[in-house]
Every structure is written in C-alpha cells, then in structure tokens.
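Peer 1: The structure follows.
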Amino acid sequence: MTLPLFFFYVFSAITVASAFMVISARNPVHAVLFLILAFVNAAGLFMLAGAEFLALLLIVVYVGAVAVLFLFVVMMIDVDFAELKSGLLSYAPIGMVVGAILFLELLLVAGSFVIAPDMVGAGGLPIDATMDNTRALGLVLYTRYVFLFQGAAAVLLVAMIGAIVLTLRHRTGIKRQSTASQLGRKPSETVRNVKVKSGQGL
Amino acid sequence: MDFILSALDYLLGIPFLGWGEQIGFVYKALALLVGLLIFTAFILLGDRKVWAAVQMRRGPNVVGPFGLLQSFADLIKFGVKEAVIPAGADKVLFLLAPLITATLALAGWAVVPVDNGWAMANINIGILYLLGISSLGVYGVIIGGWASNSKYPFFGALRAAAQMVSYEVSIGLVIITVLLCVGSLNLNDIVIAQSEMGLAHALGVPWLSFLNWFWLPLFPMFVVFYISALAETNRPPFDMVEGESELVAGFMTEYSSTPYLLFMLGEYIAILLMCAMTTILFLGGWAAPIDLPPFTWIPGVIWFFIKVTLVFFMFAMAKAIVPRYRYDQLMRIGWKLFLPLSLLMVVIVAFVLQLTGWGWHGGIA
C-alpha cells in the first residue's frame, strides 16, 4: 500500500460516511455541516487524482460560497424535522426512482472502463504531462470549448438576473438613501452660523 | 509498509546524522509555527500600542519592560480561566468553531514563501489555496455564532456570512489581475516576477526594485485589496461581526477562556496571513526595496516580516482612526463599488497585457 492509496481510502471513507450523515442527521444544520465535510473530502480526492485546480475550485466555490449561503438559509428558517419526516413515505417512491436512475448511470460509466478500456478518454484532448493543471485547463477551455464556455456563462447570467428580477420589488412612497446627493452636500448649503444674543433665542 | 518509512524520513529526517536527505518537515513546520506564534504575540501588543498612541494613552505598560510581555500574561490568564459552555449550546460545535478558526488560519501559512523557496509547500496553485483557506475562515464564525444558541452571537454569525462572502469576490478579482500580470499561480513565481520585470526595469534603474513591485502599476487594486482584506478579516472599521456597540461581542459573546483564546489567535493569524498576501501580491515578498549592498545584506525572511509588520501597522491605524461603518454601507461599497471597479480593472489589465505584450507569462517569454 502506498501513501496516496492510504489517503484515498481515508478521504473516500469520510466522504461516504459524511454523505450518509447528511441524510440521517437529526438537526438540519448538522446535515449541512456534514455536506460541507463531504465537499472538502471530495476536494481531497480530486487532489489525489492530480486535479489540483478542480480541488481548490471546489473548496473556493462550493465550500467557501455556495455552502455558506446554504448554511445561512438553513440556520435562518425554523425547520421542524418531525413534520418533515412524516411526509417521508409519500416521497419515497420518487426518491427511489431518482436514485435508481443515478445508480444505473454510474454503473454504465464505471462499466465502460471495464468493457472498453481503450475508449475511455478517447473523446478528450491528449494530456501534456509537462504542463500544469491550471494552464492545461485554461488552454482547452478558452480555445476549443470557448463557445460552450461563453454559453454556460450566459446561462448563469440569465439565471442570476432572473433571480434578482423575481425577488426585486419596488415600493413607492418610502425614503431612500441617495449616496450621491449625500456626498454632494456642501457645508455652505446646509450649515448657517448665527450669533444669538443670550436670553433671546432665534 | 514501505510508505511509513519513507513518510517518517520525510517528516523527521535529520540530514546531519545521515538518516534523511533533507531537514525533516516536522522541524520546519515547528520553526514556522513557533516563530509565527511569537510574532503574533508581539503583533497583538503592537496593535494595542498603536491604538493607545493614537488616543494619547500609554497602552499596556506593566508586564515586562514597556509591557512587552503583556501578550504572554494574557495567554496564561486565558489558559487557566474556567471555560464556560452555555447550557443550551451545541457542545461539540461550540468547541469545534474556535478550533476551525485557529487551524485554518495556521494552515494558510503552509504555502507562504517567507524567502525564496522557503515555504512548507511550494505548490503550483498556492494563491488559490490561500483564497480557499481565507474563504473557509467564515465557518468558524458562523458555527461559533450558531452553536452558542444565543441571540447576539447569532446576529454576528449572520453578518459574518454575508460580509465575508461579499468581500471574497473582490479579493478574488484583485488576485486575478495580479495573476494576469504574472501568468502563474505559484506564490514563489509571483514574487520572482515582481523582481524580474516592472517599472524600474523599464526606466533603466533596475536597482530601485520597489518601483518594480505591483503596488505601483496596480495601485487601485492595491487599495481595493487592502480594504477588502480589512473586511474579510473582520477588522475595524468593518468589525460589525463583533460590533460591541450593538452586539456585545458578536459571535464571541458566549466564549471564554481557551476557546476564546483560540478565536483571538486564529483571527490575528488570519490577519497576518492577509498582510502576508498583500506583501506577496503587491510589495515584492522577500525582495529588498533597493537592490544595493546595505539592503541586500539583510536576509529575505527579515524583509518579509518587516513588510508584513508595515502592512499590519496600516491595519492597526485603520482600526484607530476610522469610525465603524454601517452594515448596509459596507455591503454597498463591496458590491456596488469594489466589484465593478475590480471587474473593470481585470478587463483593462487583460487588454493592456494583450496589446503591449507586457507581463511575465509564467517565466516563459
């Protein structure tokens, strides 16, 4: 057994265990924290596979941003788990169908490695061993797949604008802060020096 | 069990005894850790001294000469106090949160090159690793605030979640502008690029190496990074997460004794990490400011820590001088000012580099 193999078993064991805890934890916040643990360990697995850029991206994007907002929401809402669990049986068939499809797909992917080993990776570009991960990914992403990449970015932009439009509501008749007018104020317009005789007032 | 022997050699190797090929990793890590903790102790004192000086007070001046041992006295005090865990708290998470903060802050230092090649791990994606570590820092605050099961810490946690995620975006974009100029994610390369190209070389005075560093060509980004670093580490004027005027002590309200000490330590080490990042990205890392004998005699590691201290002095001055921001104003400058500005700079820098052919291109001409 080599050191990477040892770490592979450590990371994958923790990933599987924490993935199990995500669905079995009683407290929703604990469930999200286990999800984050699973993410971090998946990043460790990426790192072992030599995909260090993807590993760090997983940490920065999923753990550092997406999961934080997820945790934020789960902490804010008051989830009654007993009530949630009561509907479990009625949703179970749908969940099982989704699980079965996912399992089948995974089986097909894993099977292709066994059935036709020479076909694996045939669709990809040849990997230059001397080039580091980030550079290789960038060269492929911005040349060969540039339109797909831009298309994905456009889809995300539309989704983002859509989310903002759906939740934005303009209320009329409320006072709004205008930073420009606040910064544009001058002392001469707003402050007046007055000499007041004592006992008289203005 | 071959790997255990080779791992032991890597970790504990002693070159003088002919047992290992290199100085064991453990010794290097210990040297960095101990050095860093002592540095942090004095930085903590320096922070309080600067704050006191601005307010015309003396600051801590009782323990040791000039109060130099104050931090160590505090350490003993926090160590021997009773750790109070609130009855309604989630005990495991409550104790895990300060550990996460301290561990993550220390883990970030693993990739920081304090001199040419003097990093625990000289990895190709060093800057991305630092970004990842600093983005994970928010978890200590959120978990601590939630696990306390108390209102003020919870408010602190919610504020932290929004604030730290927002400012990560502008930090990421600032890092991208630097990376565009360097062409490598390796922290060592970023520093070397700053000594091998830049304004001083263009002007024909290569010995004026402080003109080479990125703070000059990327000055707007330097300012954005400095302010974002203040917000990312919850330093004043952006310390709404603690905000003692509104939230008692924010997410740390329920903490006492050693867990509190760990939070405090983690926070200061994270601040130093941000100072180190500023030094590496904009201030030439370990390089001497003027490339002539009296300056080059001083070892790089000393230059590095002088620069880190200088950046920290700016942090401390900001704490002493600037009044605390309002929370919505903080969000406004993060999203409406820094994000568009840094996005624009990414585009401008990319255009300039493409049109003029400047940049280091990862050492490949």
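The values are calculated or read from the model by the stated rules, or taken from the named source; none is laboratory data. A quick note: this is a predicted structure, and the numbers were derived from the prediction, not measured. Cβ sites come from the backbone with ideal geometry, for glycine too, and all protein chains shown count toward neighbours. Surface areas here come from the heavy atoms of the whole protein model, side chains and all, with no ligands, DNA or RNA. Shrake-Rupley method; radii C 1.70, N 1.55, O 1.52, S 1.80 Å.
Peer 1: Pull out all pairs, ordered by first then second residue, where Cβ-Cβ is under 7 Å, the residues are six or more apart or on different chains, the first lies in the stretch A:32-57 and is at the interface with chain B (Cβ under 9 Å from one of its Cβ atoms) and within 11 Å of A:Asn133 (Cα to Cα), and the second is polar (S, T, N, Q) and open to solvent by less than 50 Å² (accessible area, probe 1.4 Å).
Peer 2: Correct list of pairs: A:Glu52/A:Asn133; A:Phe53/A:Asn133; A:Phe53/A:Thr134.
Peer 1: Name every residue in the stretch B:161-181 that is among the hydrophobic types (A, V, I, L, M, F, W, C) and either within 11 Å of another protein chain (Cβ to nearest Cβ) or open to solvent by 10 Å² or more (accessible area, probe 1.4 Å) (or both), in order of residue number. Before you say what the answer is, go through the steps one by one.
Peer 2: Applying the first criterion (among the hydrophobic types (A, V, I, L, M, F, W, C)) to the stretch B:161-181 yields B:161-162, B:164-165, B:169, B:171, B:173-176, B:178-181.
Residues satisfying the conditions are B:Ala161, B:Ala162, B:Met164, B:Val165, B:Val169, B:Ile171, B:Leu173, B:Ile175, B:Ile176, B:Leu179, B:Leu180, B:Cys181.
Peer 1: Would the stretch A:20-28 turn up any residue that is open to solvent by less than 50 Å² (accessible area, probe 1.4 Å), free of Cβ contacts under 8 Å to residues at least 24 places away in the same chain and touching a Phe, Trp or Tyr at 6+ places or on another chain (Cβ under 7 Å)?
Peer 2: Scanning the stretch A:20-28, I find at least one residue that is open to solvent by less than 50 Å² (accessible area, probe 1.4 Å), free of Cβ contacts under 8 Å to residues at least 24 places away in the same chain and touching a Phe, Trp or Tyr at 6+ places or on another chain (Cβ under 7 Å), so the answer is yes.
Peer 1: Just checking, how many residues over the stretch B:31-56 are open to solvent by 60 Å² or more (accessible area, probe 1.4 Å), aromatic (Phe, Trp, Tyr) and under 15 Å from the mean Cα position of the chain (by Cα)?
Peer 2: Number of matching residues: 0.
Peer 1: Let me ask something else about it. Given (1) closer than 23 Å to B:Leu262 by Cβ; (2) out of contact with any Phe, Trp or Tyr (no Cβ under 6 Å at 6 or more places or on another chain); (3) in contact (Cβ under 8 Å) with a residue 40 or more places away in the chain; (4) of a type in the set (Val, Ile, Thr), identify the lone condition not met by B:Val80.
Peer 2: Evaluating B:Val80 over (1) closer than 23 Å to B:Leu262 by Cβ; (2) out of contact with any Phe, Trp or Tyr (no Cβ under 6 Å at 6 or more places or on another chain); (3) in contact (Cβ under 8 Å) with a residue 40 or more places away in the chain; (4) of a type in the set (Val, Ile, Thr) leaves (3) as the failure.
Peer 1: Now a separate question. Can you name every residue in the stretch B:138-160 that is closer than 17 Å to A:Val32 by Cα, open to solvent by less than 20 Å² (accessible area, probe 1.4 Å) and not β-branched (Val, Ile, Thr)?
Peer 2: Answer for the stretch B:138-160, where residues must be closer than 17 Å to A:Val32 by Cα, open to solvent by less than 20 Å² (accessible area, probe 1.4 Å) and not β-branched (Val, Ile, Thr): B:Tyr139, B:Gly140, B:Gly144, B:Gly145, B:Ala147, B:Ala157.
Peer 1: Tally up the residues in the stretch B:231-279 that are over 13 Å from B:Gly108 (Cβ atoms) and more than 10 Å from the chain's Cα centre (by Cα), please.
Peer 2: Residues in the stretch B:231-279 being over 13 Å from B:Gly108 (Cβ atoms) and more than 10 Å from the chain's Cα centre (by Cα): 33 in total.
Peer 1: Quick check: anything in the stretch A:34-42 among the hydrophobic types (A, V, I, L, M, F, W, C) and either open to solvent by 80 Å² or more (accessible area, probe 1.4 Å) or not assigned by the TED database to the domain that holds A:Ser12 (or both)? Let's see the steps before the verdict.
Peer 2: Within the stretch A:34-42, the subset among the hydrophobic types (A, V, I, L, M, F, W, C) is A:34-40, A:42.
Those still in the list that are either open to solvent by 80 Å² or more (accessible area, probe 1.4 Å) or not assigned by the TED database to the domain that holds A:Ser12 (or both) too: none.
No, every residue in the stretch A:34-42 fails to be among the hydrophobic types (A, V, I, L, M, F, W, C) and either open to solvent by 80 Å² or more (accessible area, probe 1.4 Å) or not assigned by the TED database to the domain that holds A:Ser12 (or both).
Peer 1: Find the residue count for the stretch B:182-191, including only residues that are away from chain A (no Cβ under 12 Å) and surrounded by fewer than 23 Cβ atoms within 10 Å (Cβ to Cβ).
Peer 2: 1
Peer 1: Another question, then. With the condition kept exactly as written, say whether any residue in the stretch B:214-229 is assigned to a loop (DSSP other than H, G, I, E, B), touching a helix residue (DSSP H, G or I) at 6+ places or on another chain (Cβ under 7 Å) and open to solvent by less than 30 Å² (accessible area, probe 1.4 Å). Before you say what the answer is, go through the steps one by one.
Peer 2: Step one: filter the stretch B:214-229 for residues assigned to a loop (DSSP other than H, G, I, E, B), giving B:214-218.
Imposing the further condition that a residue be touching a helix residue (DSSP H, G or I) at 6+ places or on another chain (Cβ under 7 Å) reduces the set to B:214-218.
From what's left, open to solvent by less than 30 Å² (accessible area, probe 1.4 Å): B:214, B:218.
So far as the stretch B:214-229 goes, yes, one or more of its residues are assigned to a loop (DSSP other than H, G, I, E, B), touching a helix residue (DSSP H, G or I) at 6+ places or on another chain (Cβ under 7 Å) and open to solvent by less than 30 Å² (accessible area, probe 1.4 Å).
Peer 1: In the list B:Leu130, B:Leu99, which residue meets the criterion of being open to solvent by 10 Å² or more (accessible area, probe 1.4 Å) and either modelled with pLDDT of 90 or more or within 11 Å of chain A (Cβ to nearest Cβ) (or both)?
Peer 2: One residue alone meets the criteria, B:Leu99.
Peer 1: Can you tell me which residue is farthest from the chain's Cα centre (by Cα) among those in the stretch B:190-219 that are without any contact (Cβ under 8 Å) to a residue 24 or more places away in the chain and under 12 Å from B:Pro289 (Cα atoms)?
Peer 2: Ranking the qualifying residues of the stretch B:190-219, first place goes to B:Ala200.
Peer 1: Condition check: more than 18 Å from the chain's Cα centre (by Cα) and over 25 Å from B:Leu211 (Cβ atoms). Does B:Val322 satisfy that?
Peer 2: So B:Val322 fits the description; yes.
Peer 1: Counting just the residues of the stretch A:181-197 that are open to solvent by less than 80 Å² (accessible area, probe 1.4 Å) and within 20 Å of B:Lys336 (Cα to Cα), which one comes out farthest from the other protein chains (Cβ to nearest Cβ)?
Peer 2: Residue satisfying both the conditions and the ranking: A:Gly184.
Peer 1: Okay, next question. Taking the stretch B:315-327, which residues are of a type outside the set (Ser, Thr, Tyr) and either within 15 Å of B:Tyr167 (Cβ to Cβ) or modelled with pLDDT of 85 or more (or both)?
Peer 2: We begin by selecting, within the stretch B:315-327, every residue of a type outside the set (Ser, Thr, Tyr); these are B:315-324, B:326.
Scanning the stretch B:315-327 gives B:Phe315, B:Ala316, B:Met317, B:Ala318, B:Lys319, B:Ala320, B:Ile321, B:Val322, B:Pro323, B:Arg324.
Peer 1: From the list B:Gly183, B:Gly108, B:Gly126, B:Gly117, which residue is in contact with a His (Cβ under 6 Å, 6 or more places away or on another chain) and either within 30 Å of B:Trp360 (Cα to Cα) or of a type in the set (D, E, K, R) (or both)?
Peer 2: Being in contact with a His (Cβ under 6 Å, 6 or more places away or on another chain) and either within 30 Å of B:Trp360 (Cα to Cα) or of a type in the set (D, E, K, R) (or both) holds for just one of B:Gly183, B:Gly108, B:Gly126, B:Gly117, which is B:Gly183.
Okay, residues lined up against (1) in a loop (DSSP other than H, G, I, E, B); (2) loosely packed, with under 10 Cβ neighbours inside 10 Å; (3) modelled with pLDDT under 85:
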position: A:Leu45; (1), (2), (3): no, no, no
position: A:Leu56; (1), (2), (3): no, no, no
position: A:Ile59; (1), (2), (3): no, no, no
position: A:Asp78; (1), (2), (3): yes, yes, yes
position: A:Lys85; (1), (2), (3): no, no, yes
position: A:Val97; (1), (2), (3): no, no, no
position: A:Ile101; (1), (2), (3): no, no, no
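Peer 1: Can you name every residue in the stretch A:131-149 that is within 14 Å of chain B (Cβ to nearest Cβ) and β-branched (Val, Ile, Thr)?
Peer 2: A:Thr134 - this is the single residue of the stretch A:131-149 that is within 14 Å of chain B (Cβ to nearest Cβ) and β-branched (Val, Ile, Thr).
Peer 1: Residues of the stretch B:103-127 being buried (at least 21 other Cβ atoms within 10 Å of the Cβ) and of a type in the set (Gly, Ala, Ser), which ones?
Peer 2: B:Ala105, B:Gly108, B:Gly126
Peer 1: So, A:Val158, is that one at negative phi, β-branched (Val, Ile, Thr) and part of a loop (DSSP other than H, G, I, E, B) or not?
Peer 2: So A:Val158 fails the test.
Peer 1: Can you say whether B:Leu75 is modelled with pLDDT of 90 or more and out of contact with any strand residue (DSSP E or B) (no Cβ under 9 Å at 6 or more places or on another chain), as far as the supplied structure shows?
Peer 2: Criteria not met by B:Leu75.
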